[in-house]
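S.K.: So that we are looking at the same thing, I have put the structure below in structure tokens.
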Amino acid sequence: DFDQTQFRVGYEVEHDLSDSVTLRQKLRYSEVDSDLEYSGFYDDDGSLARYWGHYVEDMESLTLDTMAETTFSTGALDHNLVAGFDYAHSEYNAYSTVGYVSAEVTDAIDLPYSDGQETTQTGVYLQDQMVTGPWTVFLSGRYDWVDITSRDANRDKTKTSDEAFSGRMGASYRINTQLSAFANL
């Protein structure tokens, strides 16, 4: 038996500050609750025996992305510049047990805590798309911070943090209206 309930709600908002500057924001909150009852077989001193399991998991997540986009020209280059900030937070908790008597007995057991994790990620990003004639050049950079707290069956916590920069460079050449050559790093 497997039951799962999912719920999501969010929004997307866009506002033009001027002809060349637009603000955007997207937010989504979601929940997923799962309840799994299963069975299987194992070797019990040369004979086949059955076991039953029950696993329950709940997860919540929130994501937010806020950005500003502007277009402008510098000499022969037309720019499309995007700068933004994003945030994501998620948490899940799991409970599970395995029984060897019957499905009814296993189902009646109060499920012990199995494990869980909480993750928070924050990032900032900047991208410039520059066009001149048939050429388009992309430059972008992003910096992220991630914090993770993992919990074991005893609810003992292990915390880790990391941060890193990532970047991208690319160029394309428009050969005709239907074909472009592209390269990136």
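The values are calculated or read from the model by the stated rules, or taken from the named source; none is laboratory data. Note that the structure is a prediction, hence the values are computed from the model and not measured. In this analysis, Cβ positions are derived from the backbone assuming ideal geometry, glycine residues included, and neighbour counts consider all displayed protein chains. Heads up: the accessible areas ignore ligands, DNA and RNA and are worked out on the full protein's heavy atoms, side chains in. Shrake-Rupley method; radii C 1.70, N 1.55, O 1.52, S 1.80 Å.
S.K.: How large is ³J(HN,Hα), in whole Hz, for each residue of the range 9-21 in order, when computed from phi with the Karplus curve 6.51 cos²θ - 1.76 cosθ + 1.60 and θ = phi - 60°, using x for Gly and Pro?
M.R.: Computed from phi, the couplings for the range 9-21 are 8, x, 8, 10, 10, 9, 9, 7, 6, 7, 5, 10, 10 Hz.
S.K.: Counting only protein heavy atoms and using a 1.4 Å probe, what share of the accessible area of the chain belongs to carbon plus sulfur, as a whole percent?
M.R.: Carbon-and-sulfur percentage of accessible area, whole number: 53.
S.K.: Can you give me the accessible area per residue for the range 75-164, using a 1.4 Å probe, in Å²?
M.R.: Counting only protein heavy atoms, the per-residue value for the range 75-164 is 58 Å².
S.K.: Still on this model: Kirkwood hydrodynamic radius for the range 71-129: how many Å is it when counted over pairs of different Cα atoms?
M.R.: 16.5 Å
S.K.: Something else now. Per-residue ellipticity at 222 nm for the chain, helices alone: DSSP H runs ≥ 4 residues times -39500 (n - 2.57), over residue total, nearest 500 deg cm²/dmol?
M.R.: Computed mean residue ellipticity for the chain: -500 deg cm²/dmol.
S.K.: Run the Debye formula on the Cα coordinates of the range 15-81, all scatterers equal and no solvent, and tell me log10 I(q)/I(0) at q = 0.22, 0.28, 0.29 1/Å.
M.R.: Those come out to -0.96, -1.12, -1.14, one per q.
S.K.: Within the set of other residues whose C-beta is less than 13 Å from the C-beta of TYR87, count the net charge using Lys and Arg as +1 and Asp and Glu as -1.
M.R.: Net charge in that neighbourhood comes out at -2.
S.K.: What is the magnitude of the charge dipole of the chain about its Cα centre, with +1 placed on the Cβ of each Lys and Arg, -1 on the Cβ of each Asp and Glu, and no other charges, expressed in debye to the nearest 20?
M.R.: Result for the chain is approximately 1220 debye, rounded to the nearest 20.
S.K.: Here's a follow-up. Rank LEU81, GLY53, VAL32 by how far each Cα sits towards the positive end of the charge dipole of the range 1-84 (+1 on Lys, Arg Cβ; -1 on Asp, Glu Cβ) and give me just the farthest.
M.R.: LEU81
S.K.: In addition: For LEU179 and TYR42, calculate 0.36 nm times their separation in residues minus their Cα-Cα distance, and state this gained length in nm to one decimal.
M.R.: Length difference between fully extended and current span is 43.4 nm.
S.K.: Here's another thing I want to ask about it. So if R0 is 45 Å, what FRET efficiency would LEU111 and SER73 give, r being the distance between their Cβ atoms, rounded to the nearest 0.05?
M.R.: For LEU111 and SER73, the calculated efficiency is 0.15.
S.K.: Now for a separate question. Determine ³J(HN,Hα), in whole Hz, for all residues of the range 135-149 in sequence, where each value follows from phi through the Karplus function 6.51 cos²θ - 1.76 cosθ + 1.60 and θ = phi - 60°; x replaces Gly and Pro.
M.R.: Running phi through 6.51 cos²θ - 1.76 cosθ + 1.60 with θ = phi - 60° gives 8, 10, 10, 10, 10, 8, x, 8, 10, 10, 10, 10, 10, 10, 10 Hz.
S.K.: Would you mind pulling out the separation of the Cα centroids of the range 128-159 and the range 9-24, in Å?
M.R.: Their Cα centres are 22 Å away from one another.
S.K.: Using the Karplus curve 6.51 cos²θ - 1.76 cosθ + 1.60 with θ = phi - 60°, work out ³J(HN,Hα) for each residue of the range 118-131 in order, rounded to whole Hz, and write x for Gly and Pro.
M.R.: 10, 10, 10, 10, 10, x, 10, 8, 8, 9, 10, 10, 10, 10
S.K.: Given that just one value was derived from the coordinates, which of (i) 1.80; (ii) 1.59; (iii) 0.90 is Cα Rg over 2.2 N^0.38 Å?
M.R.: Entry (ii).
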